[in-house]
Amino acid sequence: MSNRISTILAFVIAVIMFVAAWFFMQSGDGASAPARAEAPVAAPKEVPIDSTRCVASTEWMKSHHMQLLNQWRHDSVREGNRTYATPDGRHFDKSLNTCLGCHASNPMFCFMCHEYANVKPTCWNCHISPMEATK
Amino acid sequence: MIEKALKGSRGYWAWVALLLVLIGLGISAYARQMSLGLGVTGMGRDISWGVYIAQFTFLVGVAASAVMVVLPYYLHNQKAFSKIVIVGEFLAVSAALMCMLFILADMGRPDRVLNVLRYPSPHSMVFWDVMVLNGYLFINLISGWAVLGAEKKGVPPAPWTRPLIYLSIPWAFSIHTVTAFLFAGLPSRHLWLTAVLAPRFLASAFAAGTAILILLTFILRKVASFDAGQEARNKLAVLSAYAGVANFFLLGTEFFTAFYSNVPQHKQSLQYLYFGLEGHAPFVPWMWLSLIMGLVSVGLLISPSIRRQNSWLIAACVGLVLSIWIDKGVGLVIGGFVPTPLEAIVDYVPTATELSVTLGIWSIGLLVLTVLLKTAIAVKTQE
Amino acid sequence: MNQQRRDFLRKAGLGALAGIGAAAGMLPLFALEKTDMTVFTDKPVPGKVRWGMLVDTRKCREGCNECVVRCHHDHNVPDFGKSKNEVKWIWKSRYEEAFPTASKQFQSPDVENRNVLTLCNHCAEPPCTRACPTEATFRRWDGIVSMDYHRCIGCRFCMAACPYGSRSFNWQDPRPAVKELSATYPTRERGVVEKCNFCSERLVKGQLPACVESCAGNALTFGDLNDPGSELRKMLAANETMQRKPELGTLPSVFYII
Ligand code: SF4
Ligand code: SF4
């Protein structure tokens, strides 16, 4: 009796292990499979950004946009972590281009305020400013 | 104590004024470099380091050679060195300072120099070099200054100076070893990719550095009537001679390995420097001058009867310093870039701007040395 | 009052400029790209992907410079000509320059005279990143050896360390030497090092590198070296290929068919 139970148990465990092993190998394959290996060949799909709302409140952005940009730059350039999730669940690419995607509609957006506050950020020494991009 | 440097003869002030003028020249040249970029130098895509890094390399050696007086005096109780120890330490301070200035002058973005500390990268030899050089400067400055201060008050130096001075001994070896590792770990720069680079750096440093010290004692005797002693000079001359022998022996082994093995990559840089490569031979006369002058000087220093005569001693020291300066302060760094990774032979000629900055940095170093030694001598002679 | 007035005038002036731009109908053509949300990634697994390239020198056409022009345009690489201040990301070298340690004696004249496309090899064991004191140049999660222009101090150790001459330093301000500003990539400042980035800014948008895309002769294959099923790996398996200076142990990710 107990012998039979243990046989059944052994059989069940063997099946479970077999299935589990199969799953493991599958997911292992998945991990080494080229998730994005062929990505460069795929045509990019452009999803429009919700341009009605910024990644954070205007007040906060006024005082903190430089820290945010620095953090984004670090994350995307050095860590490859490009997704920025806002507390209300929206997702953005951590890139200056995300900002410019909306704000460049007014090429003066950055300049006016910096001019007013008399700060001279060096961003546009290298990055193509909205004013230049229109040239 | 430093106020002692504010009293001096007319000659002293003339010398200081001359240095200040040269510093001004250097600063204006550097301003030009800052506003136009390093393109105003002779460096370029292929020879991407030039006079600055070469001077840096030479001066690290000068800084390290202070150990040649500190070690015998503190570890072996060589009383003959009692008056020269402080000269060696202060020479190390000013040489280490010049090293750092040369690095700064060479940087594309000196405003970001603190990035080296903000993002410490132990895999990079530069990181270690910055650490040990700064450490060495402060160890020597603090211990030298403290010992001098105690001497002024007529009390024995504080007990903490001793461990600091002992620490400076291995530290001196480390600065030049790490400097050699800056070069010796780079694949495909075959002139540098050699295990004897660090020993050769140390040997040439101890040869040239002690020779500079000997010359300094002569200068101090003449301009400040401060004599470090004939015995100290003689002992230093012996050290310099044997370090020079070691240097040229190691250089010879480089030649043997390169030319006997006949591996083109190993030969090419040496060929370029000493014989010319594919018609390019800008350094050939210099390198042979360096080699012959160096060997003759070492020969003079080895002979006891000759090195006891001061005029010969001076000549030999000048020859040895110049020889090693050409070898290390010109040939080694620039020759290492030829041929380039793409097998091109590119010549490098420093520009006037570059040379003015170099002169300016040397003048800053000499000014600091002058002020430090002036103070030291004033204390020692109880003026 | 005075100050206010001056500020107003200044702003008004800028506003007028913008007005002119809008009137000329240029603003709607604003050239900065939209973000491709489909390829968003969270922190990637390091080492999973290793981008690589295969250059088929047999297919590379004599006299054609399309990829070089395209790359240098897209990345705003300044043009200083063949001077000592030259900056280049990708260029053609002679066979013996690209492979100085390869067999040369009695080589077929065809091979000897062949021009070989040379660029950063995105080495798996890069000596340049080892030498860098600030990690301004570093090996990314996907095998690309990247430059952080915000961090580089311009010490040029990476240039001395690179065995392939892949790196250029900005000896002077590059902006005036960029003939036609491209909005796809920033320019650089004086005093930092730059080099090929395997078009990481295009990969993130799911595009092939500019050189690969621009080659009419199909001489360039790009893909994931870690994926045995990739076109690149299949070509590597099927052909006899070379890396530059393999004896140095840098493990280049750029391969060549001679
Ligand atoms: S080719 Fe040169 S620059 Fe590129 S990764 Fe290799 S060593 Fe670094
Ligand atoms: S030049 Fe820039 S990237 Fe190169 S080693 Fe120095 S800091 Fe690093």
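Here C:Asn218 clears all of (1) free of Cβ contacts under 8 Å to residues at least 60 places away in the same chain; (2) in a loop (DSSP other than H, G, I, E, B); (3) more than 10 Å from ligand 1 (Cβ to nearest atom); (4) touching a Lys or Arg at 6+ places or on another chain (Cβ under 7 Å) except the condition numbered (1).
Within segment B:79-102, one or more residues are part of a helix (DSSP H, G or I), in contact with an Asp or Glu (Cβ under 7 Å, 6 or more places away or on another chain) and not charged (D, E, K, R). Scanning segment B:130-145 turns up no residue that is buried (at least 19 other Cβ atoms within 10 Å of the Cβ), within 16 Å of ligand 2 (Cβ to nearest atom), of a type in the set (Phe, Trp, Tyr) and assigned to a helix (DSSP H, G or I). Of the residues making up segment C:89-132, those that are within 16 Å of ligand 2 (Cβ to nearest atom), more than 8 Å from every other protein chain (Cβ to nearest Cβ) and of a type in the set (A, V, I, L, M, F, W, C) are C:Trp89, C:Cys120, C:Cys123, C:Cys128.
I'd like the full set of residues that are part of a loop (DSSP other than H, G, I, E, B), more than 8 Å from every other protein chain (Cβ to nearest Cβ) and either of a type outside the set (D, E, K, R) or more than 16 Å from ligand 2 (Cβ to nearest atom) (or both), limited to segment C:186-208. Don't jump to the end; show me each part of the working.
Start the filter on segment C:186-208 by keeping residues that are part of a loop (DSSP other than H, G, I, E, B), which leaves C:186-192, C:195-199, C:204-208.
Narrowing the set further to residues that are more than 8 Å from every other protein chain (Cβ to nearest Cβ) leaves C:195-199.
Within segment C:186-208, C:Cys196, C:Asn197, C:Phe198, C:Cys199 qualify.
Matching residues to (1) among the hydrophobic types (A, V, I, L, M, F, W, C); (2) over 14 Å from the mean Cα position of the chain (by Cα); (3) part of a helix (DSSP H, G or I):
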site	(1), (2), (3)
B:Leu301	yes, yes, yes
B:Leu313	yes, yes, yes
B:Ile334	yes, yes, yes
B:Phe337	yes, yes, no
B:Ile345	yes, yes, no
B:Tyr348	no, yes, no
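Answer yes or no as to whether C:Arg151 is more than 27 Å from A:Asp75 (Cβ to Cβ), basic (Lys, Arg) and at pLDDT 95 or above. In short, no. Checked against (1) away from ligand 1 (no atom under 16 Å from the Cβ); (2) closer than 28 Å to A:His127 by Cβ, C:Asn115 passes all but condition (2). Filtered by the rule that a residue be among the charged types (D, E, K, R), near ligand 1 (Cβ under 9 Å from one of its atoms) and either at positive phi or surrounded by 24 or more Cβ atoms within 10 Å (Cβ to Cβ) (or both), segment C:122-167 gives a lone residue, C:Arg167.
Given the criterion more than 11 Å from chain C (Cβ to nearest Cβ) and surrounded by 15 or more Cβ atoms within 10 Å (Cβ to Cβ), identify the matching residue among A:His65, A:His74.
Values: A:His74 fails: more than 11 Å from chain C (Cβ to nearest Cβ).
Checking each option against the conditions leaves just A:His65.
Anything in segment C:52-64 that is of a type in the set (A, V, I, L, M, F, W, C) and not in a loop (DSSP other than H, G, I, E, B)? List them, or say none. The answer is C:Met53, C:Leu54, C:Val55.
If I filter segment C:145-161 down to residues being hydrophobic (A, V, I, L, M, F, W, C) and within 15 Å of the chain's Cα centre (by Cα), which single residue comes out as nearest to ligand 2 (Cβ to nearest atom)?
Within segment C:145-161, the first condition is being hydrophobic (A, V, I, L, M, F, W, C), and the residues that meet it are C:145, C:147, C:152-153, C:155, C:157-161.
After this cut, where a residue has to be within 15 Å of the chain's Cα centre (by Cα) as well, the list is C:145, C:147.
Details: C:Val145: 10, C:Met147: 6 Å.
If we take residues in segment C:145-161 being hydrophobic (A, V, I, L, M, F, W, C) and within 15 Å of the chain's Cα centre (by Cα), then C:Met147 is nearest to ligand 2 (Cβ to nearest atom).
Only one of the numbered conditions (1) facing chain B (nearest Cβ under 8 Å); (2) within 30 Å of B:His190 (Cβ to Cβ); (3) assigned to a loop (DSSP other than H, G, I, E, B) is not met by C:Met159, and that is (3).
Of all residues in segment A:77-132, those that are crowded, with 20+ Cβ neighbours inside 10 Å, in a strand (DSSP E or B) and more than 7 Å from every other protein chain (Cβ to nearest Cβ) total 2.
For B:Val155, the conditions (1) away from ligand 2 (no atom under 16 Å from the Cβ); (2) touching a helix residue (DSSP H, G or I) at 6+ places or on another chain (Cβ under 6 Å); (3) among the β-branched types (Val, Ile, Thr) all hold with the exception of (2).
Identify, from the list C:Asp142, C:Asp173, the residue that is among the charged types (D, E, K, R), away from ligand 2 (no atom under 14 Å from the Cβ) and facing chain B (nearest Cβ under 7 Å).
Numbers: C:Asp142 fails: facing chain B (nearest Cβ under 7 Å).
One residue alone meets the criteria, C:Asp173.
Looking only at residues in segment B:3-30 that are more than 25 Å from the chain's Cα centre (by Cα) and part of a helix (DSSP H, G or I), which one is nearest to B:Ile377 (Cα to Cα)? Of everything passing the filter in segment B:3-30, B:Lys4 is nearest to B:Ile377 (Cα to Cα).
Annotation note: of B:Ser124, B:Ser143, the sole residue that is free of Cβ contacts under 8 Å to residues at least 60 places away in the same chain and within 16 Å of ligand 1 (Cβ to nearest atom) is B:Ser124. For residues in segment B:124-157 being within 18 Å of B:Val87 (Cβ to Cβ) and of a type in the set (Val, Ile, Thr), which is farthest from the chain's Cα centre (by Cα)? Checking each candidate, the answer is B:Val147. Yes or no: segment B:276-293 includes at least one residue that is under 18 Å from the mean Cα position of the chain (by Cα), among the aromatic types (Phe, Trp, Tyr) and surrounded by 16 or more Cβ atoms within 10 Å (Cβ to Cβ). Scanning segment B:276-293 turns up no residue that is under 18 Å from the mean Cα position of the chain (by Cα), among the aromatic types (Phe, Trp, Tyr) and surrounded by 16 or more Cβ atoms within 10 Å (Cβ to Cβ). As a summary of the residue check, B:Pro157 satisfies the conditions (1) under 30 Å from C:Glu97 (Cα atoms); (2) assigned to a loop (DSSP other than H, G, I, E, B) except for the one numbered (1). I'd like to verify a number: residues in segment B:79-125 that are facing chain C (nearest Cβ under 7 Å), surrounded by 20 or more Cβ atoms within 10 Å (Cβ to Cβ) and β-branched (Val, Ile, Thr), how many? Going through segment B:79-125 one residue at a time, the tally reaches 1.
When B:Leu193 is tested against (1) part of a helix (DSSP H, G or I); (2) at pLDDT 95 or above; (3) among the hydrophobic types (A, V, I, L, M, F, W, C), only condition (1) is not met.
Quick one: would you say C:Glu180 is without any contact (Cβ under 8 Å) to a residue 60 or more places away in the chain, assigned by TED's automatic domain parsing to the domain that holds C:Val69 and acidic (Asp, Glu)? When the stated conditions are applied, C:Glu180 does not pass them.
The values are calculated or read from the model by the stated rules, or taken from the named source; none is laboratory data. Model, not experiment: these values are computed from the prediction. Cβ atoms come from the backbone with ideal geometry, glycine included; neighbour counts cover every protein chain shown.
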